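Notes follow once the structure below has been shown.
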Amino acid sequence: MSDARTQVLARVRQALGRGTPSEPVPPEVPRAYRSAGEHAPGSAAVLDQLVDRLEDYRAHVHRVAPGGVADAVAQIVGHATTVVVPPGLDREWLAGLVTDPTSGRSHDAVRVVVDDPAAPLPAEMLDAASAVVTAARVAIAETGTIVLDGGPDQGRRAISLVPDVHLCVLRAGQVVQTVPEAVRALATSPARPLTWVSGPSATSDIELSRVEGVHGPRTLHVLLVEEAGAPGA
Amino acid sequence: MSRTFLGLPALRRGGHGGPGGGTGDPAGAHRDSPVADEPFGPVRHPDAPLRWGESFPRAAKEALGNAQLRRNLAHATSTIRARRAAVVGEVPDWEALRDAGSALKEQVLARLPELLEELERNVTARGGVVHWARDAAEANRIVAGIVKAEGADEVVKVKSMATQEIGLNEALAAEGIAAVETDLAELIVQLADDMPSHILVPAIHRNRSEIRDIFLARMGDAPPDLSDVPRELAMAARAHLRRKFLSAKVAVSGANFAVASTGTLAVVESEGNGRMCLTMPETLVTVMGIEKLVPSFEDLEVFLQLLPRSSTGERMNPYTSLWTGVTPGDGPQRFHLVLLDNGRSQVLADETGRAALHCIRCSACLNVCPVYERVGGHAYGSVYPGPIGAILTPQLTGPGARTGGGHGDPNAALPYASTLCGACYEVCPVKIDIPSILVDLRAREVDADRGRLADPTAAAMKVAGWVMSDGGRFAAAGRAASLGRVAGGRDGVVRHLPFPGSRWTASRDLPAPPGQTFRDWWTKEHEPGRTPPPAHEPGDSGEEQR
């Protein structure tokens, strides 16, 4: 293509001594590290660890049974004025919200705005929204991390970034113990835009004292939906 | 030449064009005279980000006199050290991860040409545009060209070592483009017209009240009753930057990793300013050193464990963004990747020194370094401070690099900015043997100076060789040295010797010689009948010398 490209590549080849005895041989990569944890995805031990790590980073965790999602969502964002949701979000989750301004509880009415890919919400509107509700792709217990991959129930990256409160609904079966388990799950569609979230945004830039909530959502709620009969459900 | 409180040379004041900066300093304006009214220390932006102009010993001496700086540094480095130790300690397979990380980086360098071509193919296939830059000037031209083509005169920036290394902000300012740093610490540094002093926490040398003063004076829209509580300061920055994030057309970032097999790029951050920059603008320009590759997507499982724990001492940093080219309907719809050489291919040519290119910029080596802890980042005279800077900077700029270098280059002193204690090697997540590279670089510098005319070191060594090859001469020299005792103070320390000894005492104290040499003492204690040997008796040389 360009001259710079040719020259940079030529310099690199020359630096490596390509075609000479000093050319380095790529080493085998030892993979003695853990490729998976000792606990199964979604197991009680893994869920407990995730909750512990999330709370350590000041995320708010709510553990509910499958039937309890709508009530929990209503409790967490029921007083928001505007809630943004991705197009593919399970509408059952929003069933507890009062959305009809003509109802008797109009003072509690929440405006639910769907971010339609055909007509994406402008940035100002996302900025004015009080909360966003999304699902997630996978979560990592050891690090307290939730990964969004832009699927229809998670939406484009901007909607989970600009509103000040992020409520993320996570199914127990999506929780793995280790980073390699998550990366390998994500590797099936690596080109999707990925956002790894571990607690609310934070800074330690001023005398290393941690301040939660800078540019991203200042509050992160995680709604952990445990399978019926599972411990803690 | 005026000098600043941190020993920075007063070379140039780049148009900082700070966001909402209230100094009235037009972008690109240069001031030639020292700035007497500079409220936050008249720190100037040096012309060369990798060669600030002053050698380490001189800069370090000044930094050591700054008690506030040393207090800030001691607090910061000891805090991060403790955090890192705690979260590394809870990973049972940490050493195995380091082994994998080290081998992966070695593999990347060995296969670099192929992996770069693979990355380019995959980024291009996903709608990105790949540019190649031989040096800083070329990279800056490319970025400025893209920004201008978008019709923008302002860009939002994610903290990035590569763009600091090429002096991108100053280059853009010269083209009339304001680069707004959005990382809180970088914003502090930019508003104060300061230089960063740490890879990870660039404003580590500033305490909260200094930061409040900087915000009040320079931010423009800071609340007048702003306190120095960190939370309030962070919220002031949030409010200040939000409008920029929502309206910016172009963002500039670096990259922590680039996956050759998929074309995926990764940025690891904490505040959400990275997500803002990588998501909101229509156009994204990423500047990345050619060594930042990993072969396959799965390899991220190694580095996304090693980096956050080594860097901020967290199990995972709050936000990591990964993107692959352009995703229709999500994030920037135009993506440019600038692959930067800028001396890296030269470092690669060195079989020992090339390991410096394994660096993932975690800064763990800074936090454990006894030298860094006392002198801070500015003394290293480069955007890469600390132990990694001591091996990377001189190699990037050394003889043979396009930028020049060689003897008399202030960077030639950097390999000596170390006690070789080895703490940096122990904490390095990719096992860069920094002490060995330091020793190698020192040896190379000495070799390069061999045969130079009137080299005082060589001359001294030649004399020493002559003296020490003969017992009589050596004994005489020892007794002569005893006379040097008078040069010592009451505490037995020599602080100022006349030339050429002044070259030593300029940077270190010298213990005063004892009143009696070992040989004289031995003779007196064990062979009382014998008088000390005369000074020029060749027959006395022999076994005891060896």
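General remarks:
- Only listed residue being in contact with a Phe, Trp or Tyr (Cβ under 7 Å, 6 or more places away or on another chain) and among the basic types (Lys, Arg), chosen from A:5, A:11: A:5
- Residue count for segment B:257-283 satisfying the condition of being part of a helix (DSSP H, G or I) and touching a His at 6+ places or on another chain (Cβ under 8 Å): 3.
- Pick from segment B:102-148, criterion basic (Lys, Arg) and assigned to a helix (DSSP H, G or I), ranking: farthest from residue B:178 (Cα to Cα): B:105
- Any hit, segment B:321-338, residues being touching a residue at least 60 places away in the same chain (Cβ under 8 Å), buried (at least 23 other Cβ atoms within 10 Å of the Cβ), at the interface with chain A (Cβ under 7 Å from one of its Cβ atoms) and over 19 Å from residue A:8 (Cα atoms): yes
- Every pair of residues 6+ apart whose Cβ atoms lie under 6 Å, when the first sits in segment A:45-61 and is more than 15 Å from residue B:318 (Cα to Cα) while the second is assigned to a loop (DSSP other than H, G, I, E, B) and of a type outside the set (A, V, I, L, M, F, W, C): A:45/A:39; A:46/A:39; A:46/A:177
- Restricting A:210, A:157, A:171 to those that are crowded, with 21+ Cβ neighbours inside 10 Å and among the basic types (Lys, Arg) reduces the list to A:157.
- Every test in (1) surrounded by 24 or more Cβ atoms within 10 Å (Cβ to Cβ); (2) farther than 22 Å from residue B:167 by Cα; (3) in contact with a helix residue (DSSP H, G or I) (Cβ under 6 Å, 6 or more places away or on another chain) is passed by residue B:290 save one, and that test is (2).
- All of A:49, A:7, A:14, A:75 fail the test of being closer than 27 Å to residue A:173 by Cα, in a helix (DSSP H, G or I) and within 14 Å of chain B (Cβ to nearest Cβ), apart from A:49.
Here is a yes/no grid of residues against (1) farther than 30 Å from residue B:314 by Cβ; (2) modelled with pLDDT of 95 or more; (3) more than 14 Å from every other protein chain (Cβ to nearest Cβ); (4) surrounded by 15 or more Cβ atoms within 10 Å (Cβ to Cβ):
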| position | (1), (2), (3), (4) |
| --- | --- |
| A:94 | yes, yes, yes, yes |
| A:102 | yes, no, yes, no |
| A:121 | yes, yes, no, yes |
| A:131 | no, yes, yes, yes |
| A:138 | no, yes, no, yes |
| A:142 | no, yes, no, yes |
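- Residue A:37 being buried (at least 17 other Cβ atoms within 10 Å of the Cβ), in a loop (DSSP other than H, G, I, E, B) and more than 7 Å from every other protein chain (Cβ to nearest Cβ): yes
- Just one of the listed residues (B:206, B:231, B:242, B:238) is out of contact with any Cys (no Cβ under 6 Å at 6 or more places or on another chain), crowded, with 24+ Cβ neighbours inside 10 Å and within 11 Å of chain A (Cβ to nearest Cβ), namely B:206.
- Residue check, residue B:85 farther than 17 Å from residue B:335 by Cα, surrounded by fewer than 16 Cβ atoms within 10 Å (Cβ to Cβ) and not assigned by TED's automatic domain parsing to the domain that holds residue B:171: yes
- Within segment B:339-346, the presence of a residue that is within 7 Å of another protein chain (Cβ to nearest Cβ), closer than 30 Å to residue A:55 by Cα and without any contact (Cβ under 8 Å) to a residue 60 or more places away in the chain is excluded.
- Meets criteria (surrounded by 24 or more Cβ atoms within 10 Å (Cβ to Cβ), touching a helix residue (DSSP H, G or I) at 6+ places or on another chain (Cβ under 6 Å), at pLDDT 95 or above and within 14 Å of another protein chain (Cβ to nearest Cβ)) for residue B:97: yes
- Single unsatisfied condition, residue B:305 versus (1) surrounded by 24 or more Cβ atoms within 10 Å (Cβ to Cβ); (2) assigned to a loop (DSSP other than H, G, I, E, B): (2)
- The strands (runs of 3 or more DSSP E) found wholly in segment A:145-227 and carrying at least 2 residues that are at the interface with chain B (Cβ under 10 Å from one of its Cβ atoms) and touching a strand residue (DSSP E or B) at 6+ places or on another chain (Cβ under 7 Å) occupy A:145-148, A:194-197.
- Checking residue A:28 against (1) in contact with a helix residue (DSSP H, G or I) (Cβ under 6 Å, 6 or more places away or on another chain); (2) within 12 Å of another protein chain (Cβ to nearest Cβ), the condition it does not meet: (1)
- Positions within segment B:100-115 being at the interface with chain A (Cβ under 7 Å from one of its Cβ atoms), surrounded by 22 or more Cβ atoms within 10 Å (Cβ to Cβ) and under 14 Å from residue B:259 (Cβ atoms), in sequence order: B:104
- Filter result for residue B:357 (out of contact with any Cys (no Cβ under 9 Å at 6 or more places or on another chain), at pLDDT below 95 and outside any loop (DSSP other than H, G, I, E, B)): no
- Selection of first residues in segment B:490-509 that are without any contact (Cβ under 8 Å) to a residue 40 or more places away in the chain and of second residues that are of a type outside the set (D, E, K, R) and assigned to a loop (DSSP other than H, G, I, E, B), restricted to Cβ pairs under 6 Å at least 6 apart or on distinct chains, gives the following pairs, ordered by first then second residue: B:492/B:512; B:494/B:488; B:494/B:512; B:505/B:496; B:505/B:497.
- The single residue among B:475, B:535, B:512 that is more than 30 Å from residue B:65 (Cα to Cα), modelled with pLDDT of 75 or more and of a type in the set (A, V, I, L, M) turns out to be B:475.
- In summary, residue A:114 fulfils each of the numbered conditions (1) surrounded by fewer than 22 Cβ atoms within 10 Å (Cβ to Cβ); (2) more than 21 Å from residue B:330 (Cβ to Cβ) with the single exception of condition (2).
- Failed item, numbered, when residue B:298 is tested on (1) in contact (Cβ under 8 Å) with a residue 12 or more places away in the chain; (2) facing another protein chain (nearest Cβ under 10 Å); (3) within 25 Å of residue A:30 (Cα to Cα): (1)
- Residue under evaluation residue B:269, criteria (1) at the interface with chain A (Cβ under 7 Å from one of its Cβ atoms); (2) buried (at least 24 other Cβ atoms within 10 Å of the Cβ), criterion not met: (1)
The values are calculated or read from the model by the stated rules, or taken from the named source; none is laboratory data. Here the structure is a predicted model, which means the values were calculated and not measured. Reconstructed Cβ throughout: ideal geometry from the backbone, glycine too, with neighbour counts over all protein chains shown.
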